Amino acid sequence: MMRLVLPLGGCLLLAACTSDPVADPSIGTATLSTTAGPGTGTTGDDGSTGQPTGGTGDGTDSTGAPTTGEPEEVFEPAPGGMRRLQSHQYVGSVRYLFGDAAAGAAAPPEDYSLHGFDAIGAAELSLQESAIEQLETSARAVAVATIADRGTLGGHVPCVLEADPGDSCYDAVAVDLGRLAWRRPLTAEEVAPLVAIAKDARAWGNGDFAVGLQYELMALLQSPYFIYLVEVGEPDPEDPAVRTLTASELAARMSFFLLGRTPDAELLAAAEAGELVTDDDVRAVAEAMLARAEARATLSTFYSELFQLRDLATLNKNNDLFPQFNHELAYAMTYETLRLIEDIVWDQDGDFRTLLDADYTFVNPALASVYGLPPPPGQGFAKVELAAEQGRAGLLGQASFLARFAHPAETSPTRRGLFIRTKLLCEKVPPPPPGVDASLPTEDPNEPQTMKQKLVQHMEDPSCSGCHTLLDPFGFALENYDPIGAFRTLDDGLEIDPSANIPDLGEVASARDIADLLVGDPRVTACIVKNFIRGSLGHLERVGEVGVLDDLEAEFVANDHRLQHLLVELTASPLFRAVGAPK
């Protein structure tokens, strides 16, 4: 059979080498490879290992070495370049371009995490050959599904809905759909090979327009300009070390950040018309985006990754000890946390720190049973007040967190503490030193011990005490919550002592105690901002970004810790709108 479309790598090179839309030689030969192979520098599920590629804003320089004195207030953004679309962004873009059926057929490669975030992996890690083949397979499946249902595509390129479209429709697809898929206008040199592929395919397919359209769509979807988000910018005349994102690049970054997909035609038109230049222009567009349902879904996706809620679907618990734990309960745990976030951010537009100290939650009958609460009417979710005697509060009192960071049959104060340190305080926790025995002391069946007693004994090892002293006290205060988050007073038949002293916070004995201390801790506020840089923009914060981060944090505090306001201000900030020299 005649093969009209090159293998993925060849098709990518064809698309990338025909022209240079941003007039920058650094991407003139773009391929599906960035800087490292999958697995290089990846982290465990706690995201605690790995070193930043640049300064972190926490007293280290670009090599990770300590710095001395105060950092210079000189803005130095992270390098520009290309970062691969994450799987949900790929699918979201396909849905916008081609419709639900095509999105259902899309099968992009899985995301690779680096420094605990998929976005950093997408910016730093290269694709394996199998992933490149998967992108070709996905492009074919999307194209076939689109041919079968052209309704959404017809909204972008009406001629595809005609009874017998002529070859000129291939030009329209390349120009109009290509502009949406590649997030910028295509040059004549880029349009020509796409149209040629379509015409050759039509001739090979006995004049069938659909055959040509299928191969043209496959070529568009296999281009690095679809698979990668190009962010190289233009040199700032006043500071050559800084490059300002072009209007199209900014529109794309905003759309993926807030809506999780390629920008729509209206946003691209506004960018091309010079309506995305001033800070107020950007704020107005961001506010309009936040009013869309897609913004809620994108924020849920972000926190599903950050809080590792997406892992609950595959979490295992000991069936003998916890027979009630099943897929339905895991879903309820996930939904509870996301529903609380939705209530705080969207329904109330309130103080985001309420996520930590909320005295209410949302439960269905299964989850109410875990919490020892009366079941709400029906099978759905209802807002309920938490039982004060259980010491629950916000996220740290929810089953999603308590179950995810526990073992199948027992709790894990260390895992729970590590989550708080790395995800809520954004602190780096090093891995255990090489050769250290991380196992707990052998248990004597004649002398049972609580988990706290075991770990206190383990902490007496000098090689372990440094980290465990920082982590375990958080978990000790949470020992009244079992491996699926149910309240208990006994551990292995012994009374639980939840009291603990967290070195940098104080005395605690429950989730409520921890929450009360964290809400007033400025590290939590700073970490909320940092997590969006890491988890959305795909890089660890750098020393040269500290001043901008401080400004964003101050703005966040001044506006009552409202997350919607933070998202808008972040898009208008120099950190979001500028990059350094492409890597």
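The values are calculated or read from the model by the stated rules, or taken from the named source; none is laboratory data. Since we're looking at a predicted model, the values are computed, not measured. With ideal geometry, Cβ positions are generated from the backbone for all residues, glycine too; neighbour counts draw on all protein chains shown.
The condition of being of a type in the set (Val, Ile, Thr), surrounded by 19 or more Cβ atoms within 10 Å (Cβ to Cβ), within 17 Å of CYS159 (Cα to Cα) and at pLDDT 95 or above holds for only one of VAL195, VAL175, that being VAL195.
So that you can scan it fast, the table gives a plain yes or no per residue for (1) among the aliphatic types (A, V, I, L, M); (2) under 27 Å from the mean Cα position of the chain (by Cα):
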| residue | (1), (2) |
| --- | --- |
| ASN501 | no, no |
| GLU545 | no, yes |
| LEU563 | yes, yes |
| PRO574 | no, yes |
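A single entry from ALA192, ALA198, ALA247 fulfils the requirement of being in contact (Cβ under 8 Å) with a residue 24 or more places away in the chain, under 27 Å from ALA123 (Cα atoms) and small (Gly, Ala, Ser): ALA247.
One residue stands out in region 237-276 among those that are among the small types (Gly, Ala, Ser) and assigned to a loop (DSSP other than H, G, I, E, B): the one that is farthest from HIS156 (Cα to Cα), namely GLY274. Residues in region 487-500 include at least one that is farther than 30 Å from GLN324 by Cα, at pLDDT 95 or above and outside any loop (DSSP other than H, G, I, E, B). Here is a list: LYS428, LYS423, LYS383. Which entry is of a type in the set (Lys, Arg) and assigned to a helix (DSSP H, G or I)? Going through LYS428, LYS423, LYS383 in turn, the sole match is LYS423.
Can you find even one residue in region 51-67 that is surrounded by 21 or more Cβ atoms within 10 Å (Cβ to Cβ), modelled with pLDDT under 95, touching a Gly at 6+ places or on another chain (Cβ under 8 Å) and over 24 Å from LEU552 (Cα atoms)? Scanning region 51-67 turns up no residue that is surrounded by 21 or more Cβ atoms within 10 Å (Cβ to Cβ), modelled with pLDDT under 95, touching a Gly at 6+ places or on another chain (Cβ under 8 Å) and over 24 Å from LEU552 (Cα atoms).
Per the conditions (1) at pLDDT 95 or above; (2) in contact with a helix residue (DSSP H, G or I) (Cβ under 6 Å, 6 or more places away or on another chain), the sole criterion not satisfied by PRO375 is (1). Charged (D, E, K, R), out of contact with any Gly (no Cβ under 9 Å at 6 or more places or on another chain) and touching a residue at least 24 places away in the same chain (Cβ under 8 Å): is that true of ASP164 in this structure? In short, yes.
Once region 523-564 is narrowed to residues that are assigned to a helix (DSSP H, G or I) and without any contact (Cβ under 8 Å) to a residue 12 or more places away in the chain, the residue that is surrounded by the fewest Cβ atoms within 10 Å (Cβ to Cβ) is ALA558. Taking the conditions (1) touching a strand residue (DSSP E or B) at 6+ places or on another chain (Cβ under 6 Å); (2) of a type in the set (Gly, Ala, Ser); (3) at pLDDT below 95 in turn, SER465 satisfies each one other than (1). Candidates are the residues of region 360-372 that are surrounded by 18 or more Cβ atoms within 10 Å (Cβ to Cβ) and either among the polar types (S, T, N, Q) or assigned to a loop (DSSP other than H, G, I, E, B) (or both); the one that is farthest from the chain's Cα centre (by Cα) is ASN364. Within this structure, GLU272 fails the test of being surrounded by fewer than 18 Cβ atoms within 10 Å (Cβ to Cβ), under 15 Å from LEU563 (Cα atoms) and either more than 19 Å from the chain's Cα centre (by Cα) or at pLDDT below 95 (or both). Take the conditions (1) in contact with a Ser or Thr (Cβ under 7 Å, 6 or more places away or on another chain); (2) surrounded by fewer than 19 Cβ atoms within 10 Å (Cβ to Cβ); (3) at pLDDT 95 or above; MET459 misses just one of them, which is (3).
Which of the residues that make up region 289-341 are assigned to a loop (DSSP other than H, G, I, E, B), surrounded by fewer than 18 Cβ atoms within 10 Å (Cβ to Cβ) and of a type outside the set (A, V, I, L, M, F, W, C)? Residues satisfying the conditions are ARG292, ASN316, ASN318, ASN319, ASP320, PRO323, GLN324, ASN326. Taken as a whole, the condition of being in contact (Cβ under 8 Å) with a residue 40 or more places away in the chain and either more than 22 Å from GLY535 (Cα to Cα) or out of contact with any helix residue (DSSP H, G or I) (no Cβ under 8 Å at 6 or more places or on another chain) (or both) does not apply to VAL232.
With respect to (1) under 16 Å from GLN398 (Cα atoms); (2) of a type in the set (D, E, K, R); (3) in contact with a strand residue (DSSP E or B) (Cβ under 9 Å, 6 or more places away or on another chain), the lone exception for ARG310 is condition (3). If you take the residues in region 342-359 that are crowded, with 17+ Cβ neighbours inside 10 Å and charged (D, E, K, R), which one is nearest to the chain's Cα centre (by Cα)? Out of the qualifying residues, it is GLU342. Could you tell me whether LEU259 is in contact with a Leu (Cβ under 7 Å, 6 or more places away or on another chain), over 25 Å from GLY544 (Cα atoms), surrounded by fewer than 24 Cβ atoms within 10 Å (Cβ to Cβ) and not acidic (Asp, Glu)? When the stated conditions are applied, LEU259 does not pass them. In region 425-456, the residue that is modelled with the lowest pLDDT out of those that are in contact with an Asp or Glu (Cβ under 9 Å, 6 or more places away or on another chain) and aliphatic (A, V, I, L, M) is VAL436.
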